[in-house]
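Participant: Mind having a look at this structure? Questions to follow.
What follows is calculated from the coordinates using simple rules that are stated; it is not laboratory data. Predicted model only: the values in this text are computed from it and were never measured. Glycine also receives a Cβ, built like all others from the backbone with ideal geometry; neighbour counts cover every protein chain displayed.
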Amino acid sequence: GTLLQDGVAVVTGGASGIGRAICERFALAGARAVVVADRQAEPREGGASTVELVRQAGAEAVFVETDVRDPAQAERAVAAADDFGGIDVLVTAAGIARRGSTLEVSEADYDAVMDVNAKGTFFAAQAAVRRMRGTGSGSLVLISSTGGIKGNSDIAVYTMSKGAVRLLAYSLAAEFGADGVRVNALHPGLTETEMTRTDLGRVDTGSVSQSRIPLGRTGQPGDIADAAVFLASPMSAFVHGSSLVVDGGSTWA
Ligand code: NAD
């Protein structure tokens, strides 16, 4: 593919799940290089590492051990793209989820989710925009959630953090569009990854989830990755400050 025109992408949370699928599909769509920024190199779901997948798909790849909660580490991950000519695309897929009654949430639970999902996204975006402004182009794809649009019981802090990501996308779009930096939010619905299988114990591909999803199935990481390719590529040249919902129709059903 040539959709991504030899671009260089940095993907936080790129080791596993949705971020891993995005890295692979960016390579298949013609990216020159992908920086996999994650706190671990191995996919949570097992199988080949993202670096291996990207190389098999024909692009260069490097893993940068990154805890996005630390702005200096986020900066280092973005800077790693300089070795390939500089960052063109940032995807912020690093995220965590905890489920439980709002009445049982501790301060540590609150901080854990907000630090990765909100703070981690903010400082990765800041580092990317600093570089993209200088070149006059770039695309940021901030991974929110359908939970960043509508409420959900037993996952309040997560939905807060993802609502923050959505508003960050709109604010960055307002501030940096004139510099040629496009920014959009991508909102996956229930997608089959270790987050939903293990952390939330929520993937039920049987009747319950299907009855809530008009297209009749849960999402696969590749479904989200295809939408990310669109937002990263010139196909979306006039899409800016928007929310792309990829959920099989569940949010507004
Ligand atoms: P996942 O757990 O499979 O992958 C998340 C990745 O983020 C992991 O590789 C993990 O190591 C990494 N990560 C976590 N904390 C980090 C940190 N502090 N620094 C760097 N990396 C860190 O989950 P996923 O389902 O692929 O989720 C990817 C993104 O999509 C998340 O932001 C999640 O909130 C969002 N999302 C997922 C779903 C879903 O149904 N799976 C739905 C909506 C939104």
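Participant: Please give the direction-averaged projected area of the C-alpha convex hull for the stretch 1-131, in square nanometres with one decimal.
Facilitator: 8.0 nm²
Participant: List the equivalent ellipsoid semi-axes of the stretch 8-246 in whole Å, largest first, each obtained as the square root of 5λ for an eigenvalue λ of the Cα gyration tensor.
Facilitator: With the √(5λ) rule applied to the stretch 8-246, the semi-axes are 26, 20, 18 Å.
Participant: In addition: So what is the relative contact order for the stretch 8-246, in percent, with contacts set as C-alpha pairs under 8 Å and at least six apart?
Facilitator: 20 percent
Participant: Among A81, G180, G134, which residue has its Cα furthest toward the positive end of the charge dipole of the stretch 8-246, with +1 on Lys/Arg Cβ and -1 on Asp/Glu Cβ?
Facilitator: In the stretch 8-246, that residue is G180.
Participant: Could you go through the stretch 106-121 in sequence order and give the Karplus-derived ³J(HN,Hα) for each residue, using 6.51 cos²θ - 1.76 cosθ + 1.60 with θ = phi - 60°, rounded to whole Hz, and x for Gly and Pro?
Facilitator: Per residue, the Karplus-derived 3J(HN,Hα) values read 8, 4, 5, 4, 4, 5, 4, 6, 5, 5, 6, 6, 9, 4, x, 5 Hz.
Participant: Here's a follow-up. Treating the beta-carbon of each Lys and Arg as +1 and of each Asp and Glu as -1, no other charges, what is the dipole magnitude of the stretch 113-253 about its Cα centre, to the nearest 20 debye?
Facilitator: With only Lys, Arg, Asp and Glu charged at Cβ, the dipole is about 300 debye.
Participant: Round to a whole angstrom and tell me the spacing of the C-alpha centers of the stretch 1-65 and the stretch 87-147.
Facilitator: Computed from Cα coordinates, the inter-centre distance equals 18 Å.
Participant: Could I ask something else about it? Might you report the magnitude of the Cβ-based charge dipole of the chain about its Cα centre, with Lys and Arg at +1 and Asp and Glu at -1, to the nearest 20 debye?
Facilitator: 540 debye
Participant: Also, quick follow-up: Most fluctuating residue of M195, M235, M114 in a GNM of the chain with Cα springs under 10 Å: which is it?
Facilitator: M235
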